[in-house]
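Notes to accompany the following structure.
The values are calculated or read from the model by the stated rules, or taken from the named source; none is laboratory data. As the structure is a computational prediction, the values presented were derived from the model and not from experiment. Note: ideal-geometry Cβ built from the backbone for every residue, glycine included; neighbour counts use all protein chains shown. Areas reflect the complete protein model, heavy atoms only, side chains present, ligands, DNA and RNA absent. Shrake-Rupley method; radii C 1.70, N 1.55, O 1.52, S 1.80 Å.
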Amino acid sequence: QVQLAESGGGLVQPGESLRLSCAASGSLFRINAMGWYRQAPGKERELVATISSSGSTNYADSVKGRFTISRDSAMNTVYLQMNSLTPEDTAVYYCDCFAYKYSVQGLRHYWGQGTQVTVSS
């Protein structure tokens, strides 16, 4: 099983910043890509940003220019730097790991438990 440990969420005022972290652990798996999704109350889960093993990144239009996704050299930890936060960014943020698991010999998505981000004055 692939385990994802998320941290960095919290309560901030509009215009402030947060940095989310997600560490992947386990055995017998290879990570192809990692990313972040978010879900606000009453809304569907949506993609925020992704980063592949080659370093290629992808962002939702709503966060371009404000959020930055990055990873460590081993690609077992992914980060999301969130700047100029607005109330519309309030949601539960989920870490996603797209990985090959040896036991099932196939690629699939693994999800973290989520971390709450609240932007309010």
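Considered as a group, the residues in the stretch 28-41 that are in a strand (DSSP E or B) and open to solvent by 60 Å² or more (accessible area, probe 1.4 Å) include one that is nearest to Leu85 (Cα to Cα), and that residue is Gln39. Within the stretch 112-121, restricting attention to residues that are in contact with a helix residue (DSSP H, G or I) (Cβ under 9 Å, 6 or more places away or on another chain) and assigned to a loop (DSSP other than H, G, I, E, B), the residue that is most open to solvent (accessible area, probe 1.4 Å) is Ser121. Quick one: would you say Gly9 is small (Gly, Ala, Ser), closer than 16 Å to Asp89 by Cβ and within 15 Å of the chain's Cα centre (by Cα)? Criteria met by Gly9. Counting the residues of the stretch 47-59 that are within 20 Å of Asp89 (Cα to Cα) and open to solvent by 70 Å² or more (accessible area, probe 1.4 Å) gives 1. When you check Thr68 against the structure, is it free of Cβ contacts under 8 Å to residues at least 40 places away in the same chain and either among the aromatic types (Phe, Trp, Tyr) or surrounded by 13 or more Cβ atoms within 10 Å (Cβ to Cβ) (or both), yes or no? For Thr68, the condition - free of Cβ contacts under 8 Å to residues at least 40 places away in the same chain and either among the aromatic types (Phe, Trp, Tyr) or surrounded by 13 or more Cβ atoms within 10 Å (Cβ to Cβ) (or both) - is met.
Would you be able to tell me the number of residues in the stretch 82-106 that are modelled with pLDDT under 95 and farther than 16 Å from Leu4 by Cα? Going through the stretch 82-106 one residue at a time, the tally reaches 5. Given the structure, is Ser62 open to solvent by 30 Å² or more (accessible area, probe 1.4 Å), in contact with an Asp or Glu (Cβ under 8 Å, 6 or more places away or on another chain) and outside any strand (DSSP E or B)? Against the criterion (open to solvent by 30 Å² or more (accessible area, probe 1.4 Å), in contact with an Asp or Glu (Cβ under 8 Å, 6 or more places away or on another chain) and outside any strand (DSSP E or B)), Ser62 qualifies. Of all residues in the stretch 74-89, those satisfying the criterion of being assigned to a loop (DSSP other than H, G, I, E, B) and buried (at least 17 other Cβ atoms within 10 Å of the Cβ) are Met75, Leu85.
Scan the stretch 42-53 and give yes if some residue there is among the charged types (D, E, K, R), in a loop (DSSP other than H, G, I, E, B), in contact with a Ser or Thr (Cβ under 7 Å, 6 or more places away or on another chain) and over 16 Å from Ser7 (Cα atoms), otherwise no. No - not one qualifying residue is present in the stretch 42-53.
Taken over the stretch 92-111, residues that are under 12 Å from the mean Cα position of the chain (by Cα) and open to solvent by less than 10 Å² (accessible area, probe 1.4 Å) amount to 4. Among the residues of the stretch 8-27, those that are open to solvent by 70 Å² or more (accessible area, probe 1.4 Å) and either in a strand (DSSP E or B) or within 16 Å of Phe98 (Cβ to Cβ) (or both) comprise Leu11, Arg19.
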